[in-house]
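Accompanying notes for the structure given below.
Bear in mind that the values in this text are calculations on the coordinates, not laboratory data. In this text, all values refer to a predicted model and were calculated from it rather than measured experimentally. So basically every Cβ, Gly included, is an ideal-geometry build from the backbone, and we count neighbours across all protein chains shown.
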Ligand code: FAS
Ligand code: PHB
């Protein structure tokens, strides 16, 4: 089989790229090792930058997003039970973020691709990428016991942090940077009325808590937990009791609790691989970088990568501009590093993980400055709504 582009991974980055390439008439195939149901069952991100919303619109997959997405004009920092609003629209000439689950984004992209008969192979095992440092790359995979080969011009590694694509790059050709945080996030999804109408990041002596949502009747909450904690250690009641103890009193009072639909623990890391292009292979999303979810950036960075990768692919395939592939890595990494910084900074500001009294006082002073200075509020706001592409 021959395709112009082989996309490894049917998460948001792979599906978005496949859809945009379909619309541009670029022949592509998406290879995914899991079943579609497995991919659609994942509960992950919940906040979309406008650049991500615009890309989903370009993909023609925004009907439900426009109807159900909740636009947020502020985010909130609650330190020691006092909540402070950071105006997003106020400090960014009207920009907002939209609350709409990654699960729904993935479903919407699957629906438009499936409706158009796009080529997606689920349960494609043993994916191997070959000769991407030459002019004739190809990918092999196994489906129902049969090995298939796809010759192509370009390979898009959209296969996440644990994927095969980055692992296939020779160690001499890649530099990685990583920071692993000494705590995790225990997340809970429930069909309860969200305790706040916008996202709240709470920092108390007991640890961090996050209040988010998927709709006005479905809440998404997180608490900081030990890095080696286990979901089975947390009954729903134990979660609700601890969560309530980390909220400002008026929110604790108003909190509606109910049975969990999903509970999971995610580790937190910052990670970047440089460069993001190796010959005819380009990496996007979590395959190339990971951010702690504090800044709500993982999915949004994956989307901006696809914005840049789309330009590079068309530049290379239609304009025969080989430099376009290098340009991809440079453009993507510029936004990746600035977003890594914000996610790292907000994680350190809002989490408790060392007992150094001086460090704690520095965080309190940082918060006091950021929330009482226009410059500080603007810095938070322009990063939270997403830096320009
Ligand atoms: P993904 O990991 O989503 O998709 C990669 C796809 O490639 C998967 O479907 C995988 O099955 C497939 N794949 C892997 N190896 C393969 C192989 N060898 N062959 C074929 N297919 C292969 N971000 C936020 O902004 N907020 C959050 O709250 C948040 N919570 C998260 C919780 C968890 C547990 C995780 C893991 C991530 C979370 N993220 C969050 C980050 C997340 O949203 C990612 O940034 C986003 O999924 C990135 O999308 P992709 O790059 O498409 O990678
Ligand atoms: C979510 O809604 O899942 C969410 C919101 C904000 C974050 C992380 C996750 O920073």
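Structure notes:
- A simple spin-label model places pseudo-atoms 7 Å from Cα toward Cβ; at residue 174 and residue 151 they are separated by 2.7 nm.
- FRET efficiency for residue 125 and residue 352, using Cβ-Cβ distance with R0 set to 51 Å, rounded to 0.05: 0.75
- C-alpha center-to-center spacing [the range 190-222, the range 66-138] in angstrom: 19 Å
- Hull shadow area, averaged, the range 34-76 [alpha-carbon convex hull, nm²]: 4.2 nm²
- Here the alpha carbons of the range 109-241 define both size measures, Rg and Dmax, at 21.6, 59 Å.
- Those residues of the range 253-275 whose amide nitrogen sits under 20 Å from the label point placed on residue 235, 7 Å along Cα→Cβ: 256-265
- In the chain, the longest principal axis of the Cα atoms and the axis of helix 323-350 are about 20 degrees apart.
- Only helices enter the 222 nm calculation for the chain: every DSSP H run of n ≥ 4 contributes -39,500 (n - 2.57), and dividing by all residues gives -11500 deg cm²/dmol, rounded to 500.
- Residue-span extension gain [residue 217 to residue 326] - 0.36 nm each, minus C-alpha spacing: 34.7 nm
- Added length on full extension, which subtracts the Cα-Cα distance from 0.36 nm per residue, residue 136 to residue 107: 7.1 nm
- P(r), alpha carbons of the chain - 10 Å bins starting at zero, rounded %: 5, 23, 32, 24, 12, 4, 0
- Compactness of the range 172-279 - radius of gyration and Dmax, Cα, Å: 16.8, 57
- One Cα centroid belongs to the range 283-347, the other to the range 225-275; the line between them spans 29 Å.
- Difference of contour (0.36 nm per residue) and Cα-Cα distance, residue 115 to residue 374: 88.5 nm
- The equivalent ellipsoid of the range 271-389 has semi-axes of 35, 15, 9 Å, largest first, where each one is the square root of 5 times an eigenvalue of the Cα gyration tensor.
- Rounded to the nearest 10 degrees, the angle from helix 102-115 to the longest Cα principal axis of the chain is 30 degrees.
- Over all Cα atoms in the range 10-152, the spread is summed up by Rg and Dmax: 19.1, 60 Å.
- Sites residue 252 and residue 36, calculated FRET efficiency, Cβ-Cβ separation with R0 45 Å, nearest 0.05: 0.65
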